[in-house]
1. Quick one: which of 288-296, 83-91 comes out on top by average Cβ neighbours within 10 Å, and what's the full order, highest first?
2. Provide 440, 349, 42 in ascending order of the number of other Cβ atoms located within 10 Å of each residue's Cβ, fewest first.
3. Which pairs in the list 149/211; 39/318; 278/308; 152/278 are over 30 Å apart, alpha-carbon to alpha-carbon?
4. Taking the Cβ of each residue in 112, 172, 120 as the centre, tally the other Cβ atoms inside 10 Å and list the residues starting with the fewest.
5. Looking at segment 314-460 from every direction and averaging, what is the projected area of its Cα convex hull in nm²?
6. Rounded to the nearest 20 debye, what is the charge dipole size of the chain about its Cα centre when +1 sits on each Lys and Arg Cβ and -1 on each Asp and Glu Cβ?
7. Give me the distance between the Cα centres of segment 108-170 and segment 4-35, rounded to whole Å.
8. Just report the Cα centroid separation between segment 287-324 and segment 199-225, whole Å.
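Any read-out appearing in this document is the output of simple, stated calculations on the displayed coordinates, not a laboratory observation. Every value quoted in this text rests on a predicted model; they were computed, and no experiment measured them. Neighbour counts run over all protein chains shown; Cβ positions are idealised from the backbone, glycine included.
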Amino acid sequence: MNPELQLAAELADEYINGIGTTDVSRESDPVKLRQRLSKDLTDDGTPPLTVLQELYDDALPGLLNTADGRFFGWVIGGTTPVSIAADWLVSAWDQNAAAYACAPSAAIIEEITAEWLKEILGLPQQASYAFVTGCQMAHVTALAAARHKVLKAANWSVEEQGLFGAPPIRVIVGEHHETLLRAIRQLGIGTDAVRQVALEDDGTISLDALKAELESDSSTPTIVSLAAGDLNRGAFDPIDAVCDLAHEHAAWVHIDGAFGLWAGASDRFRHLVTGISKADSWATDAHKWLNVPYDSGIAFIKDADAHKSAMTIHAAYKIEMDDVRDQIDWGPEWSRRARTIPLYAALRTLGRNGVANIIESCCDAAAGIVDGLGRLPGVEVLARPVINQGLVRFLADDGDHDRRTDEIIERINATGEAWFGPTEWNGMRVMRISVSNYRTTQKDVVRTVEIVANALMEIQ
């Protein structure tokens with residue numbers, strides 16, 4: 001074997017085998033990391049084996065071990081061995097997955113993988129798709145199609161005429177993620193177009209408030225964005241009813257399902273996405289709940305013509321071929337890695353039941369942790385998981401619960417045995433419990449509750 005590849009395989013194997021036995025978090029001091037990683041750039045270079053070994057040794061202290069079963073920050077999955085191995089093949093093959101002509105196998109793999117995903121997630125089989133870097137660019141892709149469609153209905157071609165002088169677009173939201181707002185900015189729609197409507201007590205969009213907003217202006221091109229699993233509670237907007245209502249007013253319905261869209265893969269949780277096929281576009285990630293390597297997001301769009309019109313452009317050197325799909329006609333990138341191959345390998349390996357098992361085991365673990373923490377003195381459960389997201393805070397005798405919460409989180413993370421992220425919710429500092437990793441077991445649940453209990457006793 002090539003010696004560089006051999007060493008890289010050995011180092012990767014060492015790291016992966018250490019998951020669960022090494023600290024979840026290591027060195028986070030940027031000064032120390034710069035000192036480790038700053039090297040002289042020589043005229044004649046450095047031997048490759050030396051570079052690889054030093055890269056591993058120097059970077060290791062700054063790696064947040066997100067693949068560990070007791071990492072509960074943000075919404076980050078682990079990576080299954082087969083998806084890692086498939087990702088290595090992607091690098092070895094080094095295909096530019098922009099078009100069939102320059103990456104035939106990659107193009108066909110995308111077709112097959114998209115069909116599997118639409119079946120698993122309960123999406124319309126006629127929906128078009130794009131494999132992108134993450135949900136951020138999935139939003140951009142899907143909302144570009146939405147922008148095209150709603151402006152075309154107003155007799156405006158955004159691709160030809162731009163946005164200067166275009167009819168303004170209204171974007172109605174309930175609970176929403178910052179990536180949606182950034183997509184709106186990147187598309188030139190602007191955040192002034194956002195209309196936040198009232199929420200119900202469970203954090204879902206109010207149908208009455210939505211109806212009032214839609215009826216307040218029947219002429220403005222409109223997009224309604226819904227949450228399929230919000231970041232803090234995992235709450236799902238009433239997708240079925242909203243789609244019916246929005247479509248009565250000629251609005252485009254977009255679904256932010258970065259992780260929650262995967263509830264459709266589980267018999268236990270599929271009811272949460274009832275009516276999902278009625279929407280017009282969907283954005284999700286595979287590097288979250290499918291547990292494939294970064295970066296891996298997917299956009300699905302029901303109206304393939306609107307999707308392609310928003311993305312495609314003619315190039316004189318493009319090789320046109322019958323009965324094949326060129327990725328550059330559907331996504332924002334011209335040059336891109338064949339990022340769908342790890343998904344193909346993961347789905348084939350897991351099968352339908354394997355994907356469902358990951359979803360359900362993560363949800364069970366999240367509920368187990370939140371319930372376990374709720375039995376500890378000085379812990380207040382603010383949101384029990386709907387799926388895999390929950391919220392707690394830690395109560396202080398002096399009433400400064402925000403300070404106490406931050407202190408306990410810092411103490412837990414400093415142990416290296418678990419990692420949680422702080423956030424602000426409803427004006428409170430809280431700890432979010434997020435479980436997206438197939439490695440998280442019931443033993444991890446029990447141990448995590450013990451770790452938190454110890455932190456509470458240590459900081460009185």
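1. Result, highest mean first: 288-296, 83-91.
2. 42, 349, 440
3. Values: 149/211 21 Å; 39/318 42 Å; 278/308 20 Å; 152/278 21 Å.
The answer is 39/318.
4. 112, 120, 172
5. 13.3 nm²
6. 440 debye
7. First find each Cα centre; the distance between them is then 38 Å.
8. 30 Å
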